[in-house]
Structure formats: structure tokens, C-alpha cells
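Below is one structure, written out as C-alpha cells; comments come after it.
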Amino acid sequence: MATETENLETLVNRRYEHGFVTDIATDSLPPGLDEGVVRAISARKQEPEWMLEWRLQAYRQWLEMAEPEWAHVHYPKIDYNSISYYAAPKSDADRPKSLDEVDPKLLETYDKLGIPLHERARLAGVAVDAVFDSVSVTTTFKAKLSEAGVIFCSFSEAVREHPELVRKYLGSVVPRRDNFFAALNSAVFSDGSFVYIPKGVRCPMELSTYFRINAANTGQFERTLIVADEGSHVSYLEGCTAPMRDENQLHAAVVELVALRDAEIKYSTVQNWYPGDEQGRGGIYNFVTKRGDCRGDNSKISWTQVETGSAITWKYPSCLLRGANSVGEFYSVAVTNNLQQADTGTKMIHIGPNTRSTIVSKGISAGRAQQAYRGLVRVMPQAHGARNHTQCDSLLIGKQCGAHTFPYMEIKNPTAKVEHEATTSKISANQLFYCRQRGISEEDAVNMIVNGFCKEVFKELPMEFAVEAQALLNVSLEGAVG
Amino acid sequence: MLEIKDLKSRIGDTDILRGLSLSVNAGEVHAIMGPNGSGKSTLAQVIAGHEDYEVTGGSVTYKGLDLLELDPEIRAREGIFLGFQYPVEIPGVNNAYLLKAALNAKRKHRGEPEIDAFEFLKTAKEKMAALGMDPKFLNRGVNEGFSGGEKKRNEILQMAMLEPELAILDETDSGLDIDALKAVAAGVNALRSPDRAIILVTHYQRLLDYIQPDFVHVLSGGRIIRSGDKSLALELEAKGYDWVREAVGT
């Protein structure tokens, strides 16, 4: 067994593919954070007074908060004064109106990432609001969307063009002082996406944003707000890649989803940020707050995520099930390799009667990675007939990695039904030998077993995203055995 | 086809094969018999390339290739099939998917195009019917929750689909009821051809009532101590393994 175990342990060593830096001069603020920086960010974005005031209040609240330490992750203390809080491509002043006006270097970057924006967008019928560093560079398919009355734009634009919607919903799901990182984001958020689906409208296409962190030493603070009005339906895709880097990059995004009566939001993420090298150097810190509010009766919010990147992930996409009969879902695949750490999971808060939630979490650990599932199911006293089913599976590759499960349940209504299943398994040397004896290479065998393990989650992803996710998983685990 | 010379192998600190020689030609069926611990399964695993078994001496030539230099998957693609004594379960991996991946790996190795999905399904269903397997097994996880007999039939199905040149069946008869044994034997007999060789590793003579071997070898202490034809197996059955050991003075 000895040789095969060693083989298993060395099978996790593939270099990050998208490791390159695009040479575009960035217009950055110097490192450091104070009220002046918050004002400067707001001024550069030509924000109205109310927005600045909102940011300043968040900043003051953040000053009084402490960084959380309960997560099962370890990292050197972050010096928030060594981070630059704003970077935008130089061409900010004259923003491109179409792809022709976009810096060719930027388009080249998209090409390297395999996302030739124009073609891919057209072929896949996807509208892409591409966030490059902090400023939205281009938005496509606007016409088709506006025909349907759908608003899909950068957050900055929404603040200017649709202030009444932004003021009504911003911070209504994730309050400014919700947690340390959410407060920081609220103070300094750079840009992000805004989506509004009007009453009864089924969004005619999948909405997709590619995030990319590119300026050295710049924390990226995205803000996403999606509002699905009564009886509407939207599917939103978020995918990320980032260039190789030496310093740790902090990413603290906030995503807020609001589903009104009979509305449905499906939010899918494929996250592939730079995880650091084999020693864990230079990876991205991903401290994200994602929360959906099923505000109306019969509403539904579904989170699907495939997480393969980042040095540290701290992320719990959650659902507040307020409306009667509302439904929350969480489907997750998280892969950690080398020295990656992930503490991720979800929260399902059952408030309304007959609310239902489903949690399917698949964790894969290889190398010396540590991974924790942390999930909370809370049933409030008024949530009669609430139901939850949680399934939490871990797959270990090699002997030096770890998987931990922290399920929390707080049930305050006797009619609730809550189920929790958990399994931990290993890819055994015998399974690999069996596959190899059938002519299948070790790497293909690992991919096959891993993909089999994740099947339940992948089937929740939109088709083209599922293919991408599967490929990404294979890349992430290449070299994990063999 | 297969030429084993003075093969020595150990697992950990324990020597198991101590100078085994065997020659197998295309078209032949060989039965390897012997008591528990004699090295039968080790021989099967070493031919397939299991890394836990260290080869400490001797040589194995297969179709003119130095077999011991090849990775297990290359050996498989070159036509070696091992029917496992204890087939592993691979939850979540679809049985049909594994089978197709195995077939295509072999085809790619030979420079052939991938198998057509429709043709694959048609062939698989025919072979399953012949083995008395429910086609539903195609869509289940590999060996996941299969009974002992179902696992063995599944091994034979894989063999039938992969059409190996050299098939080694390790105790495929153990734990089978008479119907399953007959189905498995029929599967093996269907594969017999002048281009193929089959090695049956077995503890009991029973299997050989259904699959007639050309040669029978008795393994003891990591060596072949006696070789003969089918009558040797019957004699063993009647007199027990001690009889051979005494006869050859080991």
C-alpha cells in the first residue's frame, strides 16, 4: 500500500493555468483606509450624497467591529492599511460604448481565459456584464433585456440611474453591520452588478458576470444586488478567474438576493481564484457574504456553487425563508488542494409556515488542505411544518488532508422535520487500480470518481456551466495522484 | 503470448512467488490451482501490475513486450484483463460510464475512433442478456450494492465487452450458486478463440466442469509443482493438495 499512498499524495500539483497579469495602467488609490478614502471612492464614482452617507456609516460601524475568528481557517493577520481600496482601468474617463472601444489588451485577457466575450456571449445567448477589476467595462445584450424590462447593469450605473430601487433594497438582506467583512464592503465597495426583474417577467436569458481581480495589491469589494419582483424568474451565473500574484489579495464581496411573492432566483457560481502556490503563497482570501431573502409567499432561492480556488474561503450563502411555502436550496462542491483552506456551508432560516430547504454539500480535500462544512438550520417558532433535508459528503484524496463537519440545528417548532446525513469517504488505492486495470489512467480515474461524487450538484448547474465546472474540477485535481 | 520465467515477488517482507515459470500460447485455457496462500492471486496481480507486489526477480514477456516495464493501464490497453476476486465498489460512477471509458481507452490506444453510443448500448444489452443481467445494472454505480454473484457477472460483462487477448480470472467461481456459475462459464466459453488465452485461477475443480482447460497447473509455495491436463484437476479433487505435495516431495 505504501507506494500507492505516496502516489495519491503527490497527485495534487498542477500549476494555476490562468496565471498572468495584464499590462494595463491602473488608476489606483494609495494603500490605506480612512474616511477620506471612502469619500474619494464615492467621488470617483460620482455618487449622490445618500450613497456616500451610507458608506460612511458603514465605515464607522466597521471601525467598532472585530475580525471574526471562529472559522476553521488560519492566516496571518490582515493589515487593512496596506491595501489599496480602489483600482480602475485608466480608460475610465471615456468608458467604451462597445467592444470596439475596449482596450485590446483586455480582450486579449479574456481570450487567454477562454472567454472571448463577444462570441461566447452571442453563441451562448448570455448577457455578460464583465467586471474587470473594479469597473464594469462592457455590457452586452442590453437591448434585448430592456425590451423585457429587465435591468442588468453595473452597480455604479444603478446608483445613478435607478436610485429608488437601490435605496429600497441595498442592505435590506445583508445589513451594513451584519459582519466585519460585510461592513468593510459596505464602506468601500467598488462595483458589481445590479439586476431587477419586473413583475411576472421570466428573464429571457441567463445573466452572467465574469469577475476578475487584476490590479496588484487591490482588495476587490464587489457588491451584487438582485431583485426578483412578484412572479418573476431569473438565473444568474457568476464565474471567476484571476492572475497569479505574490501578495495575498483580499476579496470581501456581498451578494444580496430578494425574491418577492412567487418569484424565483437561481444563483450559480463557479469560483476559480488563484489558490496560492504549493506552499500556499499568494492565494486569494475570499471572505464573502451571500444571502437571499425569500420575502414573498411561494418564492424560491437556489444557490449552486462550485468552489475550486482561493487560498482561504469563508463563505455561507444563506436563505431567509420568510414567505409562506418559500423554498431555499444550497448545492455546493468545494475542492481544496495543497494548502487551501475552506470554511463554507449555508444557513437556512425558516421563518414562514411550510417553508422547505434542501442542502447538498460535497467537499473534496487533497494535498494538505483543510475543509470545513458549517451549516445552520434554524426553525423559528412560527414556522409550522418546516422541512429541511441536509446531506453532507466529504471525499478525501491522500492522507494529509482533513474534512470537518459542523452542523448546527436550532429547532423551535415541534412540527418541523429536519434530517441530516453525513458521509466521509476516501478514494482508495484499490479503486484506482481497478480502473487502471480496465485501461483508464489514474488521473482519469480520479476525475471519474470525483465527478461521480459531485453529480448531484452538477446537475443543478445550467448546462454550459456544468461542463465548465467539470473541466475546472479536473484541472484543480490534476496531479493530485500519480 | 505470455512467457513467465523464474518470477519472484513479495509483498512487504513476505516472499510469495519463488521462481515461477509458465508459458501460455494463444488459443489455450490454463487452470492454476493450489491451496490457500500458494500464490495464485499474487500471480494474477503481478501480471496485472498491482504496485503492492514487488517483483524481485525473473521476467514476464507478453506479446514480445517486457510486461513488467508497463503501467497497469497500458497492460490493460494491450489486451490483459483481470477479473477480480473482490471487485471494488465505486459509488457514484455509473457502470456504463466506466465500461465506455475503458473501451474507448483501449480503442484510442489502438488508434481507433470512440465507440458509437448507440452501438455501445446495443452490444452491452446483448451481452447482459446472455449473462442473465438486468440492463438496469448499466445505470447503477460500479458494483455499488451488488451481491457477490452480481459483481462476478459484472466482471464477466466487462471482459465480454473489452474482448481481451489474455484474460485472467481470479477465483471468479467463488461464492457463486450453480446458475451464476453456469452463466459465468458460458460467458468465458463464448470468449474462447484461437487468438485468445485464458488463465483461470481457482481453488476448486468445480469450475472446470464447465470450462474445459487445456492445461492444469498446481501451485504450491510460490512455484508450479506439477502440470498436466484436465485429469490432474480430477485427481486433485479426489486426493487433495497434500497428495501433490507429497508426490513432489515439498
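The values are calculated or read from the model by the stated rules, or taken from the named source; none is laboratory data. Computed from a prediction, not measured in an experiment: that's the story for all the values here. Backbone-built Cβ (ideal geometry, glycine too); neighbour counts: all protein chains shown.
Data for the structure
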{"item": "Hits in region A:427-475 (condition: more than 11 Å from chain B (Cβ to nearest Cβ), without any contact (Cβ under 8 Å) to a residue 60 or more places away in the chain and of a type outside the set (Val, Ile, Thr))", "result": "A:LYS459, A:MET463, A:ALA466, A:GLN470, A:ALA471, A:ASN474"}
{"item": "Which listed residue is surrounded by fewer than 17 Cβ atoms within 10 Å (Cβ to Cβ), in contact (Cβ under 8 Å) with a residue 60 or more places away in the chain and over 25 Å from B:THR42 (Cβ atoms), from B:ALA186, B:ALA190, B:ALA238", "result": "B:ALA190"}
{"item": "Index of the failed condition, B:ILE74 passing every other in (1) modelled with pLDDT of 95 or more; (2) under 19 Å from B:ILE199 (Cα atoms)", "result": "(2)"}
{"item": "Qualifying residue in region B:157-178 (condition: crowded, with 17+ Cβ neighbours inside 10 Å, part of a loop (DSSP other than H, G, I, E, B) and within 14 Å of chain A (Cβ to nearest Cβ))", "result": "yes"}
{"item": "Test result for A:ASP178, buried (at least 20 other Cβ atoms within 10 Å of the Cβ) and of a type in the set (Asp, Glu)", "result": "no"}
{"item": "Residue, surrounded by the most Cβ atoms within 10 Å (Cβ to Cβ), within region B:64-76, restricted to residues that are part of a helix (DSSP H, G or I) and more than 14 Å from every other protein chain (Cβ to nearest Cβ)", "result": "B:LEU68"}
{"item": "Set B:ILE47, B:ILE4: member being of a type in the set (A, V, I, L, M), under 30 Å from B:GLY145 (Cα atoms) and either within 17 Å of the chain's Cα centre (by Cα) or in a helix (DSSP H, G or I) (or both)", "result": "B:ILE47"}
{"item": "Residue under evaluation B:LEU82, criteria (1) closer than 16 Å to A:GLU442 by Cα; (2) touching a residue at least 40 places away in the same chain (Cβ under 8 Å); (3) crowded, with 22+ Cβ neighbours inside 10 Å, criterion not met", "result": "(1)"}
{"item": "Flag for B:GLY79 being more than 7 Å from chain A (Cβ to nearest Cβ), modelled with pLDDT of 95 or more and under 25 Å from B:LYS108 (Cβ atoms)", "result": "yes"}
{"item": "Any hit, region B:118-128, residues being more than 21 Å from the chain's Cα centre (by Cα) and either within 14 Å of another protein chain (Cβ to nearest Cβ) or touching a residue at least 40 places away in the same chain (Cβ under 8 Å) (or both)", "result": "no"}
{"item": "Qualifying residue in region B:170-183 (condition: polar (S, T, N, Q), touching a Lys or Arg at 6+ places or on another chain (Cβ under 6 Å) and in contact (Cβ under 8 Å) with a residue 24 or more places away in the chain)", "result": "yes"}
{"item": "Residue within region A:299-306 that is crowded, with 24+ Cβ neighbours inside 10 Å, modelled with pLDDT of 85 or more, out of contact with any helix residue (DSSP H, G or I) (no Cβ under 9 Å at 6 or more places or on another chain) and of a type in the set (Val, Ile, Thr) present", "result": "yes"}
{"item": "Hits in region A:398-423 - residues which are in a loop (DSSP other than H, G, I, E, B) and either of a type outside the set (Val, Ile, Thr) or under 19 Å from A:LYS362 (Cβ atoms) (or both)", "result": "A:GLY398, A:LYS399, A:GLN400, A:CYS401, A:LYS412, A:ASN413, A:PRO414, A:ALA416"}
{"item": "Matching option when the condition is touching a residue at least 24 places away in the same chain (Cβ under 8 Å), part of a helix (DSSP H, G or I) and either within 15 Å of the chain's Cα centre (by Cα) or away from every other protein chain (no Cβ under 14 Å) (or both), among B:THR42, B:THR61, B:THR56", "result": "B:THR42"}
{"item": "Residue check for B:ILE90: buried (at least 20 other Cβ atoms within 10 Å of the Cβ) and over 25 Å from B:GLY145 (Cα atoms)", "result": "no"}
{"item": "Search result, residues across region A:315-337 that are among the aromatic types (Phe, Trp, Tyr) and surrounded by fewer than 23 Cβ atoms within 10 Å (Cβ to Cβ)", "result": "A:TYR316"}
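Matching residues to (1) within 14 Å of another protein chain (Cβ to nearest Cβ); (2) modelled with pLDDT of 95 or more; (3) surrounded by fewer than 23 Cβ atoms within 10 Å (Cβ to Cβ):
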{"residue": "A:LEU339", "(1), (2), (3)": "no, no, yes"}
{"residue": "A:HIS350", "(1), (2), (3)": "no, yes, no"}
{"residue": "A:VAL379", "(1), (2), (3)": "no, yes, no"}
{"residue": "A:LYS399", "(1), (2), (3)": "no, no, yes"}
{"residue": "A:PHE406", "(1), (2), (3)": "no, no, yes"}
{"residue": "A:THR415", "(1), (2), (3)": "no, yes, yes"}
{"residue": "A:SER425", "(1), (2), (3)": "yes, no, yes"}
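Quick grid of which residues meet (1) β-branched (Val, Ile, Thr); (2) within 10 Å of chain A (Cβ to nearest Cβ); (3) more than 17 Å from the chain's Cα centre (by Cα):
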| position | (1), (2), (3) |
| --- | --- |
| B:PRO91 | no, yes, yes |
| B:ASN94 | no, yes, yes |
| B:TYR97 | no, yes, yes |
| B:ALA105 | no, yes, yes |
| B:GLY111 | no, no, yes |
| B:ASP116 | no, no, yes |
| B:LYS152 | no, no, no |
